[in-house]
Amino acid sequence: MYRLQVFDGKTTGMHWHIHKNGAENYRAHQKLGKRMDVAVSLGGDPATTYASTAPLPHGIDEMLFAGFLRKQAVEMVKCKTVDLEVPAHSEIILEGYVDLDEQRLEGPLAITQGIILWRTFILSFILTVLPIEGMPSIQLP
């Protein structure tokens, strides 16, 4: 689970913890010099949401763990514009990419237990399409 701060109609900040898979994938893309395709799942079942925050050992797939909690596999579907899969029963999927070179200021903001995070630079997530289940995809410029 990652924090997204909306900057404008097609850009959010992408914040992930340095010890999580998102940050690991980002570092690999940095070494390759390639932009990082991203899909963000909003909504869905509680087991999938919990699995995305669980402190799992390195290499344990979050969707596998969610399936274990649900006692059935999480159905996955291909995204429309990026070569990734997302849970089929997500309410909204944001598709786009993380720009390896663009960072913006985030914050200040309050998080759990009264902790305040001061302004810091985070990566930019540029949305390319906003498909909503049961509706046509909304292609962004």
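Observations on the structure shown:
- The H on the amide N of Val129, modeled in the peptide plane, is under 5 Å from the matching H of Glu95, Leu140, each at least 5 residues off or on a different chain.
- Secondary-structure-derived ellipticity at 222 nm for the chain, considering helices only, amounts to -6000 deg cm²/dmol, per-run term -39500 (n - 2.57) for DSSP H runs with n ≥ 4.
- If both residues of a DSSP beta bridge must be in the stretch 16-141, then about 100% of such bridges are antiparallel.
- A Cβ-based charge dipole, computed about the Cα centre of the stretch 25-141 with Lys and Arg at +1 and Asp and Glu at -1, lands at about 260 debye.
- Distance between the modelled labels on Arg104 and Lys80, one decimal in nanometres: 2.2 nm (7 Å Cα→Cβ projection).
- Structure-derived Rg/Rh (Cα atoms, Kirkwood Rh) - corresponding label in (1) 1.01; (2) 1.19; (3) 0.96: (3)
- When the chain is described by a simple charge dipole with +1 on each Lys and Arg Cβ and -1 on each Asp and Glu Cβ, the residue from Leu130, Leu56, His89 located farthest towards its positive end is Leu56.
- Among the chymotrypsin sites (Phe, Trp or Tyr not before Pro) in the stretch 47-126, those located in a DSSP loop and surrounded by at most 10 other Cβ atoms within 10 Å of their own Cβ are Trp118.
- Scanning residues 5 or more positions from Gly44 or on other chains, those with amide H under 5 Å from its amide H are Glu91, with H placed 1.01 Å from N in the peptide plane.
Every number in this text was worked out from the coordinates using simple rules, so none of it is lab data. Because the structure is a prediction, the values reported are computed rather than measured. Please note: Cβ atoms are built from the backbone with ideal geometry, for glycine as well, and neighbour counts cover all protein chains shown.
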